[in-house]
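Contents: one structure, followed by commentary.
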Amino acid sequence: MRGRTEKGSVGRQLRHLDRLVVADLELLARAPQVLDDFVGILRRAGVLAAVVAAACIPVLAAAQESKSSALAKELTQTLEAAKLDGIGAADPSSPGTFVAALYIPGTQLLVVSASYAQPSLLVDKINTKDFRGIYMDLHSASVPGSKVFVQDQRCDGLIFRAGGDDVADAWDEGDKSTTFDGEWKKAKITEEEYTKTYTSADERYAKMLSLLLAQAKKGKAGS
C-alpha cells in the first residue's frame with residue numbers, strides 16, 4: 001500500500017514537471033516575438049520623443065534669441081573706433097523723442113530713450129556732439145512717463161536669462177522695472193509673461209541701438 005502511494009506521488013510530480021517544461025518551452029518560443037514587440041515600442045517612443053524635442057527646440061530658441069545682441073556689439077566697436085564713450089540720436093518715428101547711450105568699455109552699455117519738451121536743444125547737442133549732455137538731459141529732464149532705461153551688462157544686448165554669476169540685464173520703463181534673470185516665479189509672474197516682456201523689450205532695444213549705430217557711423221564718416 002505504501003509503495004503504491006509513493007509511486008502515485010512521484011507520478012504526479014513528474015506530470016507537474018512536464019507541464020512546467022512545456023510552459024517554459026512555449027515561453028522560450030515566444031520570446032523573440034515578445035522581445036521584438038518590446039523593442040518596437042521603445043523605438044516608437046524614441047521617435048515620438050525626438051519629434052517632440054525637435055518641435056520644442058525652435059520655440060525655445062526663438063524665445064531666447066536676442067535681436068539686440070549683434071547691434072550692441074557693433075555699436076560698441078564703432079564707438080571704440082571713433083574714441084567715443086557716448087552717442088545720441090533723434091527718433092524720426094516719434095518727433096520729440098531721443099535716445100542716448102553711455103558706454104563703459106567692457107562693462108556696461110547704458111541706454112536711455114525719452115521725449116523731451118524742448119527738442120531743438122537736444123538737436124543742437126547732437127550737432128555739437130555733446131552726447132553726454134543728451135544722455136544726462138534725457139535722464140533728468142525728460143517728459144514724465146516717457147523714459148525707458150536699459151542696463152545692458154557686458155554690452156552684448158539683452159539676454160533672456162543671465163548665466164551663472166553674471167549680472168542680469170535690466171529694463172526700466174515708467175515705474176516698472178524688469179530684471180532678465182530668468183526668475184519669473186520670484187517676480188510673481190508666469191514664464192509666458194516673462195518671455196513676452198523680454199521679446200518686446202529686446203525688439204525695442206534693437207531699434208534704439210539701430211538709431212545710435214546710424215548716428216555713430218554718420219559721425220565717423222563725417223570726421
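Some notes on this structure:
- Residue tally, condition in contact with a Ser or Thr (Cβ under 7 Å, 6 or more places away or on another chain) and under 16 Å from E80 (Cβ atoms), over segment 97-125: 2
- Selection status of F180, more than 14 Å from K67 (Cβ to Cβ), in contact with an Asp or Glu (Cβ under 9 Å, 6 or more places away or on another chain) and assigned by TED's automatic domain parsing to the domain that holds P105: no
- Candidate set from segment 137-188 (those that are among the basic types (K, R) and assigned to a loop (DSSP other than H, G, I, E, B)); member that is surrounded by the fewest Cβ atoms within 10 Å (Cβ to Cβ): K188
- Unmet requirement for V167, which otherwise passes all of (1) hydrophobic (A, V, I, L, M, F, W, C); (2) within 18 Å of F149 (Cβ to Cβ); (3) in contact (Cβ under 8 Å) with a residue 24 or more places away in the chain: (3)
- Lone unmet requirement of (1) surrounded by fewer than 16 Cβ atoms within 10 Å (Cβ to Cβ); (2) out of contact with any helix residue (DSSP H, G or I) (no Cβ under 9 Å at 6 or more places or on another chain) for L121: (2)
Rundown of residues vs (1) modelled with pLDDT of 95 or more; (2) touching a strand residue (DSSP E or B) at 6+ places or on another chain (Cβ under 7 Å), yes/no style:
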| residue | (1), (2) |
| --- | --- |
| I159 | yes, yes |
| A168 | yes, yes |
| D172 | yes, yes |
| E193 | yes, no |
| K196 | yes, no |
| A201 | yes, yes |
| Y205 | yes, yes |
| L212 | yes, yes |
| G219 | no, no |
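- The number of residues in segment 74-116 that are surrounded by 15 or more Cβ atoms within 10 Å (Cβ to Cβ), in a strand (DSSP E or B) and either of a type in the set (V, I, T) or within 24 Å of the chain's Cα centre (by Cα) (or both) comes to 11.
- Some residue of segment 117-136 being in contact (Cβ under 8 Å) with a residue 12 or more places away in the chain, outside any strand (DSSP E or B) and aromatic (F, W, Y): yes
The values are calculated or read from the model by the stated rules, or taken from the named source; none is laboratory data. Predicted model only: the values in this text are computed from it and were never measured. Counting neighbours? That spans all protein chains shown, and the Cβs are built from the backbone with ideal geometry, glycine included.
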